[in-house]
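Here is the structure we will look at, set down as structure tokens.
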Amino acid sequence: MSAANATAPKPDAGTERPAARKPFRPDRKKHRFGYDVLGLVAFAVMAFPVYWLLVSAFRPNREIRSYDQTLWPSSFTFDNFVRATETRFFWTAIQSSLIICVTSVLGALVIGTIAAFAIGRFNFVGRRPFMMVLILVQMLPPTAMLIPIYVQLNNLGATNEYWGVIVVYLVSVLPFTTWMVRGFVVNVPRELEESAMVDGCSRMGAFRRVILPLLAPGLAAASIFALITAWNEYLFAYVLLQDNDKYTLNVWLMNFTTDRGTDYGGLMAGSVIVAVPVVIFFMLVQKKMATGLTSGAVKG
């Protein structure tokens, strides 16, 4: 044995060899291109109804009723929007929708945030079954609960009243709101809350000054879901409200369908008007909403 071989260090038995570099596969680009095309096709399928709604809202009625439809209208008009805003009970429908939706969303955020804080911070008897109930409630279809809810509200004298519909919408969006905000509460370090309490804050004071600002992304995402659910709801508003001047905007759209036929131009314009408030609210909170849907935790 030579001196060089005697002095050369021997590799340890537990030492792993570096992983071999994977060979480049040119077919990966083809697969990625196929996924991109599939995504574009899915986007086109989902976006086409929205595009057709907008185009039809600005299309003249004679062109809407024509059998020769084109993807782009030959002329634009605002008569459909004028006719929609001049339809009966338009402004009262806006008032009803704002009162019902804003109240139910704010109530769901307040109650859901407090409930999420209790679930995420405290261990109490029945905590796990309560969390399971929150998930199971979301599986029940609204139509299955329509008759029991109507009977109960009728016995309480809540039919044809705003507060009856508000209670229904509040209960509908509260489980999801609680579950979503709870995911943010459990990711807030307990040390932040304990430090605030050591400095003299009460538990609610620490929650309001320390925890609540960190929950802004989750609250934004939950508010969008709650607003879309309440704003687009039709069945309960139609059944529980009986006066035309109390109908919400979704029920108000029925005015464009009469015994003489359907005013498709006014219906499309009215649908655009109904969708505008949700779009505006989404644009205002989109940054926090994106953070809330993707992070789900506190950066530390």
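Looking only at residues of the range 141-170 that are within 22 Å of the chain's Cα centre (by Cα) and modelled with pLDDT of 90 or more, we find that the one that is nearest to Leu109 (Cα to Cα) is Leu170. For the range 276-286, filtering for residues that are of a type outside the set (S, T, N, Q) and without any contact (Cβ under 8 Å) to a residue 24 or more places away in the chain leaves 5. For the range 80-97, which residues satisfy the criterion of being more than 19 Å from Ala57 (Cβ to Cβ), open to solvent by 40 Å² or more (accessible area, probe 1.4 Å) and not basic (Lys, Arg)? The answer is Phe89, Trp91, Thr92, Gln95.
Does Ile119 meet the test of being assigned by TED's automatic domain parsing to the domain that holds Pro213, at pLDDT 90 or above, on the phi < 0 side of the Ramachandran plot and assigned to a helix (DSSP H, G or I)? Steps first, please.
Values: assigned by TED's automatic domain parsing to the domain that holds Pro213: yes; at pLDDT 90 or above: no; on the phi < 0 side of the Ramachandran plot: yes; assigned to a helix (DSSP H, G or I): yes.
For Ile119, the condition - assigned by TED's automatic domain parsing to the domain that holds Pro213, at pLDDT 90 or above, on the phi < 0 side of the Ramachandran plot and assigned to a helix (DSSP H, G or I) - is not met.
On the given criteria, is Leu192 assigned to a helix (DSSP H, G or I) and open to solvent by 70 Å² or more (accessible area, probe 1.4 Å)? So Leu192 passes the test. Can you name every residue in the range 87-141 that is among the basic types (Lys, Arg) and farther than 30 Å from Ser271 by Cβ? Of everything in the range 87-141, those that are among the basic types (Lys, Arg) and farther than 30 Å from Ser271 by Cβ turn out to be Arg121, Arg127, Arg128. Among residues belonging to the range 134-150 that are surrounded by 11 or more Cβ atoms within 10 Å (Cβ to Cβ) and β-branched (Val, Ile, Thr), point out the one that is nearest to Gln242 (Cα to Cα). Going through the qualifying residues, I end up with Ile149.
Against the numbered list (1) under 30 Å from the mean Cα position of the chain (by Cα); (2) open to solvent by 60 Å² or more (accessible area, probe 1.4 Å); (3) at negative phi; (4) touching a residue at least 24 places away in the same chain (Cβ under 8 Å), Cys101 comes up short only at (2).
Return yes when Gly112 is touching a Lys or Arg at 6+ places or on another chain (Cβ under 7 Å), closer than 30 Å to Leu212 by Cβ and open to solvent by less than 20 Å² (accessible area, probe 1.4 Å) and no when it is not. No; evaluated as a whole, the condition is false for this residue. Of the candidates Phe225, Phe236, the single residue that is outside any loop (DSSP other than H, G, I, E, B), open to solvent by 50 Å² or more (accessible area, probe 1.4 Å) and at pLDDT 85 or above is Phe225.
Scanning the range 202-219 for residues that are open to solvent by less than 10 Å² (accessible area, probe 1.4 Å), under 25 Å from Val278 (Cβ atoms) and among the small types (Gly, Ala, Ser) yields a total of 1. Scanning the range 239-270 for residues that are farther than 13 Å from Thr87 by Cα, polar (S, T, N, Q) and buried (at least 19 other Cβ atoms within 10 Å of the Cβ) yields Thr248, Asn250. Restricting attention to the range 170-189, the residues that are of a type in the set (Lys, Arg) and without any contact (Cβ under 8 Å) to a residue 60 or more places away in the chain add up to 0.
Kindly evaluate Asn187 against the criterion of being over 30 Å from Tyr162 (Cβ atoms) and among the polar types (S, T, N, Q). Spelling it out, Asn187 is indeed over 30 Å from Tyr162 (Cβ atoms) and among the polar types (S, T, N, Q).
Is there a residue in the range 49-72 that is surrounded by 10 or more Cβ atoms within 10 Å (Cβ to Cβ), within 30 Å of Ala220 (Cβ to Cβ), of a type in the set (Phe, Trp, Tyr) and in the same structural domain as Tyr247 (by TED's automatic domain parsing)? Looking through the range 49-72, none of the residues is surrounded by 10 or more Cβ atoms within 10 Å (Cβ to Cβ), within 30 Å of Ala220 (Cβ to Cβ), of a type in the set (Phe, Trp, Tyr) and in the same structural domain as Tyr247 (by TED's automatic domain parsing).
The values are calculated or read from the model by the stated rules, or taken from the named source; none is laboratory data. This one's a predicted model, so the numbers in the text were calculated from it and none came from an experiment. Backbone-built Cβ (ideal geometry, glycine too); neighbour counts: all protein chains shown. Quick note on the areas: whole protein, heavy atoms, side chains included, nothing else; ligands and nucleic acids left out. Shrake-Rupley method; radii C 1.70, N 1.55, O 1.52, S 1.80 Å.
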